[in-house]
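Participant: The structure under discussion is supplied below as structure tokens; questions concerning it will follow.
Here, each number is a calculation from the coordinates, and none is a lab measurement. Fair warning: this is a prediction, and the values are worked out from it, not measured in the lab. Neighbour counts run over all protein chains shown; Cβ positions are idealised from the backbone, glycine included.
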Amino acid sequence: MKVTISNAKPGSILAEDLYDQTGRLLLPKGTELDEMNIYMLRKHHIMEIEIEVASRQIELERIRQFQATYEASVDMLKQIVDQAKTSGKIPIEPLIDISTILLEEILQDTGIVHQLSRVRNQDEYTFRHLMNVSIYSGMLAKWLGLTKQEQMKLALAGILHDCGKIFVPNHILNKQGALTDEEQEEMKKHTEYGYQFLMNNKISEEIALVALNHHERRDGTGYPKGIRDRHIDFFSRVVAVADVYDAMCSDRTYQKANSPYHVSEILWELSYDKMDPQIVLPFIHGICQFFVGDQVVLNTGETAKVVFVYNDEPTRPLVQLGNVYMDLRKHRQIKIEKIL
């Protein structure tokens, strides 16, 4: 239902993504409006908005459906990986289906993307990581202005980027503690194993190169070859950002999950010398917009609500604590530690 901004009421649910005149996302679909949101939309001269007629129950049902699709996709991916281990062949069509279905569902309803940050248990980490990297890579492709075909190719590259790990011995792959130097060298070979595996299966080299190069870094400190800057193919530079973000946001045997805000700040720092800033910055801007309206825990122990994301520092948004609004750009000692 369309309403004028003057008739918008706190508690209404947005039925569309809202953008400013430069194309920057102001509020994602599914946001529950409050007085500050409505004021901000007026300031950006948004005159009409589309809101949902029904209650919050519809949004909860969308989330439930997405979670069911996600879990079914993880189960299917496990079966595909098991088949690849025994046969040495990768059935590409089911992988295309998995990556396409989830990406399209999220692109149609960006309000549910933050559900990925809530699936963070250690169980089946490998498969959930592949799913998430696929989704983030496809979304990032859209934020970079790539074509629909390129978005889908990057989603497929994301789901295949770590396929070489099926050839790494299980005692290394599943080791609870730190790897020895020798084990670390074997683990690094997953990039070369993956490239050769995909080429043997006649997967396009554009996608196979992602398996090979997603751990390469601009300053030459990556592996397996230590190549630099533009010698690293574009698809690998995209998937590398999605890979690092999801890995650092996840619970693992040797690492507790970090806040998406903390990880975004780390990525920002990595863009100075290790990762492509022209890829990292659009990713951070896109990711941080999804948490508008969410409740967060600050390092003071207080609970706040994310109200607005600033273009210049998206990891330091405007937050609301009760009746007080705080610009985190001006309060450098305060940080967001957790999203509820």
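Participant: Enumerate by residue number the chymotrypsin sites (Phe, Trp or Tyr not before Pro) in the range 217-325 meeting two conditions: DSSP loop (anything except H, G, I, E, B), and at most 11 other Cβ atoms within 10 Å of the site's Cβ. Write down the numbers at each step before the final one.
Facilitator: Details: sites: F234, F235, Y245, Y254, Y261, W268, Y272, F283, F290, F291, F308, Y310, Y325; in loops: Y254, Y272, F290, F291, Y310.
Here the chymotrypsin sites (Phe, Trp or Tyr not before Pro) that fit, given the DSSP loop and packing criteria, are Y254, Y272.
Participant: I would also like to ask the following. Check D17: other-chain or 5+ apart residues with amide H under 5 Å from its amide H, H built from backbone geometry?
Facilitator: For D17, whose amide H was placed from the backbone, the distant partners under 5 Å are K29.
Participant: With the cut-off at 1.5 for a/c, could you classify the range 292-340 from its C-alpha gyration tensor as rounded, prolate or oblate? Before the final figure, lay out the partial values.
Facilitator: Details: a/c = 1.37, a/b = 1.24, b/c = 1.11.
Rounded, since a/c falls under 1.5.
Participant: OK, next. Would you mind pulling out the separation of the Cα centroids of the range 124-178 and the range 276-340, in Å?
Facilitator: Cα centroid to Cα centroid, the span is 27 Å.
Participant: Once you put a point 7 Å from the Cα of E185 and another 7 Å from the Cα of Q333, both along the Cβ direction, what distance in nm separates them?
Facilitator: For E185 paired with Q333, the spin-label model returns 4.9 nm.
Participant: A further question on this structure: Could you tell me how far the Cα centroid of the range 1-51 sits from the Cα centroid of the range 215-260, in Å?
Facilitator: So the separation of the two Cα centres works out to 35 Å.
Participant: For the chain, build the charge dipole from Cβ charges (+1 Lys, Arg; -1 Asp, Glu) around the Cα centre, then report which of Q67, V296, M1 sits farthest towards its positive end.
Facilitator: Selected residue: V296.
Participant: Still on this model: Lys/Arg Cβ at +1, Asp/Glu Cβ at -1, dipole of the range 162-254 taken about the Cα centre: which of I172, A242, I232 is farthest positive-ward?
Facilitator: Among I172, A242, I232, the one farthest towards the positive end of the dipole of the range 162-254 is I232.
Participant: Would you mind computing, in nm to one decimal, how far apart the modelled labels at E192 and M1 are, each placed 7 Å from Cα along Cα→Cβ?
Facilitator: According to this spin-label approximation, the distance is 6.4 nm.
Participant: Hey, another quick one. Can you give me the Kirkwood hydrodynamic radius for the chain, using every pair of distinct Cα atoms, in Å to one decimal? Don't skip to the answer; put the middle values down first.
Facilitator: Working: mean 1/r = 0.0474 Å⁻¹.
Answer for the chain: a Kirkwood hydrodynamic radius of 21.1 Å.
Participant: Continuing with this model, one more query. Taking the Cα centre of the chain as origin, work out the dipole magnitude from +1 charges on Lys and Arg Cβ and -1 charges on Asp and Glu Cβ, in debye rounded to 20. Walk me through the numbers on the way to the answer.
Facilitator: Details: 39 positive and 48 negative charges, 75 e Å.
Roughly 360 debye for the chain.
Participant: How far is helix 125-143 tilted, in degrees, relative to the longest principal axis of the Cα atoms in the chain, given as a value from 0 to 90 rounded to the nearest 10?
Facilitator: 60
Participant: Name the residue farthest towards the positive end of the dipole of the chain from the options V324, T126, I38, assuming +1 on Cβ of Lys and Arg, -1 on Cβ of Asp and Glu, about the Cα centre.
Facilitator: Of V324, T126, I38, it is V324.
Participant: List, in the order given, every pair from K78/K175; K189/K338; K153/K335; K29/K225; K175/K225 whose Cα-Cα distance in the structure shown is over 31 Å. Spell out each step's value before the answer.
Facilitator: Numbers: K78/K175 20 Å; K189/K338 34 Å; K153/K335 36 Å; K29/K225 43 Å; K175/K225 25 Å.
Beyond 31 Å: K189/K338; K153/K335; K29/K225.
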